[in-house]
2 protein chains.
Amino acid sequence: MTNQDPGTQRQLRSTVRSDGTLELSLARIPIPEPEPEEVVIRVEASPINPSDLGLLFGMADMSTARASGTAESPVIVADIPEKFLRVVQGRLDQSMPVGNEGAGVVVEAGSSEQAQALLGKTVAILGGAMYAQYRAIKAKQCLVLPEGTTPTEGAACFVNPLTALGMAETMRLDGHTGLVHTAAASNLGQMLVKLCLADDVPLVNIVRKPEQEELLRGIGATHVCNSASPSFMDELIAVLADTGATLGFDAVGGGKLAGQILTAMEAAASKNATEYSRYGSSVYKHVYIYGGLERGPTELARNYGTAWGVGGWLLPPFLQKIGFEAAQKLRQRVAAEVKTTFASSYAKEISLVEALQLDSIAVYGKQATGEKYLINPKKDL
Amino acid sequence: MTNQDPGTQRQLRSTVRSDGTLELSLARIPIPEPEPEEVVIRVEASPINPSDLGLLFGMADMSTARASGTAESPVIVADIPEKFLRVVQGRLDQSMPVGNEGAGVVVEAGSSEQAQALLGKTVAILGGAMYAQYRAIKAKQCLVLPEGTTPTEGAACFVNPLTALGMAETMRLDGHTGLVHTAAASNLGQMLVKLCLADDVPLVNIVRKPEQEELLRGIGATHVCNSASPSFMDELIAVLADTGATLGFDAVGGGKLAGQILTAMEAAASKNATEYSRYGSSVYKHVYIYGGLERGPTELARNYGTAWGVGGWLLPPFLQKIGFEAAQKLRQRVAAEVKTTFASSYAKEISLVEALQLDSIAVYGKQATGEKYLINPKKDL
């Protein structure tokens, strides 16, 4: 696709229409002019994270997706199940840009010194509206990548790395001493394995497939349980008793897994108990749900006494809670370790146009391990 | 029944047997001799609270209960569903006394001054093993009831009153400004209505029947929603928007109610929101599950963003958390208001022997509103 209208660019948009359908399209909008404190980045790499899909798909059932538009300007429409319409009421008929994070090259800079200093640099940013060819942003929001780092290597500097760091930090703040993580073979999960090894945090990884077990053991994971194994609960109880992990982070959300973790934590705690308590152990057990790979309801059997909690967890409020200074330290660590601890990998690099093709959506919409896509809007130029 | 063996008494016992059954019986044990710091109380009133039934029934399915033994020494046996056996592993083959709280008259006292001062006094105690004719306990654990208060009036001085006070206190400590309460027509619920009126705390009451609505409005409740009404969710959202209540206490536990409260809180919060947030409102919503009227799993639809939590709540850890001084203040308030704010009522007064009859169990085991039983072991003398 050639840019037939100089001074303009393409930007991916998601709209929940009042007829109960979702529409995805590529808008043509002006390339922004930078304010004095701003720079303009040519976006060259932006991952499709699970946290992007909520905004992108707007609760639509993507198995109903159909394509229209043209080859250069594809349009996707899908139906939103009625039960989810209340959730998306607040965004009706608003054409919303998508894409939390990404990296690219600074091609224009405002007049300020700070902005001018970034010209030509490869930077990573978190700010939304990254599924676009160009993005204006305040210079101070840019994380300058170490020399020799490509946009692809720096594309995922924020969401996953800060989430992994946030999990370990939350563990310390909430007074726990070990972690449980589900969907543990994801890019994020692999980062968490490396981070916990580096920081000496006991980590119990839960996966669903033998090859995911192997993958994690291959990068050094000590405790890996397969939830599809018939002896899953017994294995989980054993490693929880070993590690003393009492805080879980669950990306699955729906179904029984979060509750099973609490059940197993309680059983592990009871192993060390000396007398029966009708209210269960006094060991506090908690699971944060930070993703929704399964959209169905969370089922809690409540067979783990009364010292338990389940709740939502989200990165931005966590960063707000710990404050700018503490958050900045985490960001600096990410930049320093972007090619090691916090390295990501992708199955495929696609253009914006390709992101709106049914066969692509069928793959990245699954959020399957090892099938993560990276959008490179430079391919649309 | 006459006491044919002087110096002995009857005490209700609950045993989970290793064959997977529950056995309830009346043991004959010595009447205790008081230690110097202790008194012996002739128990004359002890309520059957929902919090007693967990220990009493040991997760057994009471619809399978069968009677044996004699008229004077009844025995009840019931089956425990296999899925619950893990939960009661810790109490296998232990014959356990039951009954959290009660009131009676001090009939013997140890040599200490504090104990002697209580002779003949009507006192309330919390300490377990109250479903018995006599109970020895430290003098300092006795709450002396105001002159003219009967054991029946003082029987339920602790569990419900302190729970109601604990809910209001937890609300303040957790930074909320209004409460939601389910099974709100219970004795506890009625106390909470009176307490919140007295303390000016916005309270949303959820009940299941029109007559319960009437009952609560009759004692001054402003906001009452019937979960069986077809317009329940709309009504709940409206009163939550009015009251700004963001903390719920749920006695039901199983099913969808706890989640529906979070859904409604989120909808109420969104009413005041000015722009759409894909992660839901930033208003933190919480439901504590403090009972289990429905034993089935808790179902959370998670359609309320990420700023939410659900967890267990239990009185003793709460009292421990606030410390002795603060807890003592709450107890003194209960004694002062035992005939008003914290008054309880009972459908029937039964003996220990009657407590082990199938027709009684069929009633008090239901934990239905207005069918609360009081055990008076003096009737067994």
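Considering only the stretch B:134-169, state which residues are more than 30 Å from B:Pro6 (Cβ to Cβ), among the hydroxyl-bearing types (Ser, Thr, Tyr) and more than 20 Å from the chain's Cα centre (by Cα). Selection gives B:Thr149 alone. Restricting the stretch B:208-247 to residues that are in contact (Cβ under 8 Å) with a residue 60 or more places away in the chain and touching a Ser or Thr at 6+ places or on another chain (Cβ under 7 Å) leaves a set whose member that is surrounded by the most Cβ atoms within 10 Å (Cβ to Cβ) is B:Gln212.
For the stretch B:37-48, the set of residues classified as among the hydrophobic types (A, V, I, L, M, F, W, C), in a strand (DSSP E or B) and under 15 Å from B:Leu12 (Cβ atoms) consists of B:Val43, B:Ala45, listed by residue number.
Listed conditions (1) over 19 Å from A:Tyr279 (Cβ atoms); (2) within 16 Å of the chain's Cα centre (by Cα); (3) not aliphatic (A, V, I, L, M) are all met by B:Lys121, apart from (2). Residues in the stretch B:77-100 that are within 30 Å of B:Ile31 (Cβ to Cβ) and out of contact with any Gly (no Cβ under 8 Å at 6 or more places or on another chain): B:Val77, B:Ala78, B:Gly90, B:Leu92, B:Asp93, B:Gln94, B:Ser95, B:Met96. Taking the stretch B:210-298 and the helices (runs of 4 or more DSSP H) fully enclosed by it, the elements with 3 or more residues that are within 21 Å of the chain's Cα centre (by Cα) and modelled with pLDDT of 95 or more are at B:210-218. Quick one: would you say A:Ser112 is of a type outside the set (D, E, K, R), farther than 25 Å from A:Ser186 by Cβ and within 14 Å of chain B (Cβ to nearest Cβ)? So A:Ser112 does not fit the description; no. B:Ile322 meets all of the listed conditions (1) surrounded by fewer than 19 Cβ atoms within 10 Å (Cβ to Cβ); (2) closer than 22 Å to A:Ser282 by Cα; (3) modelled with pLDDT of 95 or more; (4) facing chain A (nearest Cβ under 9 Å) but one, namely (4).
Is it the case that B:Ile41 is surrounded by fewer than 24 Cβ atoms within 10 Å (Cβ to Cβ) and of a type in the set (A, V, I, L, M, F, W, C)?
Working: surrounded by fewer than 24 Cβ atoms within 10 Å (Cβ to Cβ): no; of a type in the set (A, V, I, L, M, F, W, C): yes.
Answer is no for this residue.
All of (1) of a type outside the set (A, V, I, L, M); (2) modelled with pLDDT of 90 or more; (3) outside any loop (DSSP other than H, G, I, E, B) hold for A:Arg302 with one exception: (3).
Mind listing whichever residues of the stretch A:78-109 are closer than 21 Å to A:Ala132 by Cβ, away from chain B (no Cβ under 14 Å) and surrounded by fewer than 20 Cβ atoms within 10 Å (Cβ to Cβ)? Steps first, answer last, please.
As a first pass, look at the stretch A:78-109 and keep what is closer than 21 Å to A:Ala132 by Cβ: A:91, A:93-109.
From what is left, the residues that are away from chain B (no Cβ under 14 Å) are A:101-109.
Passing the criteria: A:Val105, A:Val107, A:Glu108.
The single residue among A:Ala71, A:Ala65 that is away from chain B (no Cβ under 11 Å), touching a helix residue (DSSP H, G or I) at 6+ places or on another chain (Cβ under 8 Å) and in a strand (DSSP E or B) turns out to be A:Ala65. Evaluate the stretch B:9-16: report whether one residue or more is within 14 Å of chain A (Cβ to nearest Cβ), touching a helix residue (DSSP H, G or I) at 6+ places or on another chain (Cβ under 9 Å) and in a loop (DSSP other than H, G, I, E, B). So far as the stretch B:9-16 goes, no, none of its residues is within 14 Å of chain A (Cβ to nearest Cβ), touching a helix residue (DSSP H, G or I) at 6+ places or on another chain (Cβ under 9 Å) and in a loop (DSSP other than H, G, I, E, B). Taking the criterion of being among the small types (Gly, Ala, Ser), surrounded by fewer than 24 Cβ atoms within 10 Å (Cβ to Cβ) and under 25 Å from A:Ala347 (Cβ atoms), the only residue of the stretch A:141-176 that qualifies is A:Gly148.
What's the number of the condition A:Leu173 fails, among (1) within 16 Å of the chain's Cα centre (by Cα); (2) within 19 Å of A:Asp250 (Cβ to Cβ)? For A:Leu173, the exception is condition (1).
When only residues in the stretch A:333-381 that are more than 19 Å from A:Glu101 (Cβ to Cβ) and of a type in the set (A, V, I, L, M, F, W, C) count, which is nearest to the chain's Cα centre (by Cα)? Only one residue tops the list, namely A:Ala368. Assess whether A:Ala335 counts as being at pLDDT below 90, away from chain B (no Cβ under 14 Å) and in contact with a Cys (Cβ under 8 Å, 6 or more places away or on another chain). Against the criterion (at pLDDT below 90, away from chain B (no Cβ under 14 Å) and in contact with a Cys (Cβ under 8 Å, 6 or more places away or on another chain)), A:Ala335 qualifies. Restricting the stretch B:281-303 to residues that are more than 8 Å from chain A (Cβ to nearest Cβ) and touching a helix residue (DSSP H, G or I) at 6+ places or on another chain (Cβ under 6 Å), the residue that is nearest to B:Ala264 (Cα to Cα) is B:Lys285. May I ask you to list the residues in the stretch B:336-362 that are surrounded by fewer than 16 Cβ atoms within 10 Å (Cβ to Cβ) and not in a loop (DSSP other than H, G, I, E, B)? The answer is B:Ala336, B:Lys348, B:Leu358, B:Asp359, B:Ala362.
Mind listing just one residue for me: the one in the stretch A:191-206 that is of a type outside the set (A, V, I, L, M, F, W, C) and in contact with a helix residue (DSSP H, G or I) (Cβ under 7 Å, 6 or more places away or on another chain) and, of those, surrounded by the fewest Cβ atoms within 10 Å (Cβ to Cβ)?
Of the stretch A:191-206, the ones of a type outside the set (A, V, I, L, M, F, W, C) are A:194, A:199-200, A:202, A:205.
Okay, now just the ones that are also in contact with a helix residue (DSSP H, G or I) (Cβ under 7 Å, 6 or more places away or on another chain), so A:199, A:202, A:205.
Details: A:Asp199: 12, A:Pro202: 19, A:Asn205: 27.
Among those that are of a type outside the set (A, V, I, L, M, F, W, C) and in contact with a helix residue (DSSP H, G or I) (Cβ under 7 Å, 6 or more places away or on another chain), it is A:Asp199.
Among the residues of the stretch B:259-280, the ones that are more than 9 Å from chain A (Cβ to nearest Cβ) and among the small types (Gly, Ala, Ser) come to 3 in all. For the stretch A:49-56, the count of residues that are within 19 Å of A:Arg10 (Cα to Cα), in a loop (DSSP other than H, G, I, E, B) and within 24 Å of the chain's Cα centre (by Cα) is zero.
The values are calculated or read from the model by the stated rules, or taken from the named source; none is laboratory data. The structure presented is a predicted model; accordingly, all values stated were derived computationally and were not measured. For neighbour counting, all protein chains shown are included, and Cβ atoms are generated from backbone atoms with ideal geometry for every residue, glycine included.
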